[in-house]
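**Q** Attaching a single structure in structure tokens format; questions to follow.
Just so you know, all these numbers are worked out from the coordinates, no wet-lab data involved. These numbers were taken from a predicted model, which means no experiment stands behind them. Note that we place each Cβ from the backbone using ideal geometry, even for glycine, and neighbour counts take in every protein chain shown.
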Amino acid sequence: MAHAAPTRAEVTTRRRTPDVFSPRTHAMAKVAVPVVLGLVYGYWAAANRRDAGPITGWNLLFGFLTALVFAVLFAAVREVAPRLRREQHALLWFAFTGCAIGFLYSQTGGSVLKSTGMGVVVGAGVFVTVFYRYYTHEDATGRRLD
């Protein structure tokens, strides 16, 4: 069964899906998501580092500093990445996730080569996923294809 292709007027007047959350909710999420992810990442890094040993003040300090750095970098990447072309956008997320995973793995006592390899493998998966997502949802100049 053949269907007629939509006309140009139908394509340009297509409505976007409604936004369920209010602008206030989006503003709160812009701050809350990096903080929560940072705390989870900091706890994970501190737990890897202490290796089931006792929780010490230095371990807590390490966890909170790691959480702070992760949250700031995550917020910066999330702010900068949408302004880049899709290739650079995906490359930025590759670098961020690769470094984050490599650092976490290094806290377990793994070698530098193993940590680097783990970061590259996970980062490559993120690169492919993010690049595909933006390749199928944007044109070459970065405009959304709604």
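**Q** For the stretch 20-146, what is one quarter of the convex hull surface built on the Cα atoms, given in nm²?
**A** On the way: hull surface 37.2 nm².
Taking a quarter of the hull surface, the average projection is 9.3 nm².
**Q** Around Pro34, under 15 Å between beta carbons, what's the net of Lys plus Arg minus Asp minus Glu among the other residues? Intermediate values should be presented prior to the final figure.
**A** Numbers: positive: Lys30, Arg78; negative: Glu79.
Once positives and negatives cancel, what remains is +1.
**Q** While we're looking at this one, here's another question. Can you tell me, using C-alpha contacts under 8 Å and at least 6 residues apart, the relative contact order of the stretch 52-146 as a whole percent? The partial results should precede the final answer.
**A** Values: 74 pairs, mean separation 25.5, N = 95.
Here the relative contact order equals 27 percent.
**Q** Here is a follow-up. Quick one: if you stick a label point 7 Å off each Cα along the C-beta vector at Ser111 and Arg83, how many nm between them?
**A** Each label point is offset 7 Å from its Cα along the Cβ direction, giving 4.1 nm.
**Q** Which peptide among 85-98, 106-119 comes first, and what is the full order, when sorted by highest mean count of other Cβ atoms within 10 Å? Let's see the in-between values first.
**A** Values: 85-98: 18.1, 106-119: 14.9.
Order by mean packing, descending: 85-98, 106-119.
**Q** Within a Cβ distance under 15 Å of Phe94, other residues only, what is the Lys/Arg minus Asp/Glu net charge? Don't skip to the end; give the middle numbers.
**A** On the way: positive: Arg78, Arg85, Arg86, Arg133; negative: Glu87.
Once all neighbours under 15 Å are counted, the net charge is +3.
**Q** Also, quick follow-up: How would you order 69-76, 42-49 from highest to lowest mean count of nearby Cβ atoms within 10 Å? Each step should come with its number before you reach the end.
**A** Numbers: 69-76: 16.8, 42-49: 18.4.
Going by the mean number of other Cβ atoms within 10 Å, highest first, we get 42-49, 69-76.
**Q** Taking the Cβ of Ala76 as the center, what net charge do the other residues with Cβ under 15 Å away carry, scoring Lys and Arg +1 and Asp and Glu -1? Write out the running numbers ahead of the final one.
**A** Numbers: positive: Lys30, Arg78, Arg83; negative: Glu79.
Neighbourhood net charge equals +2.
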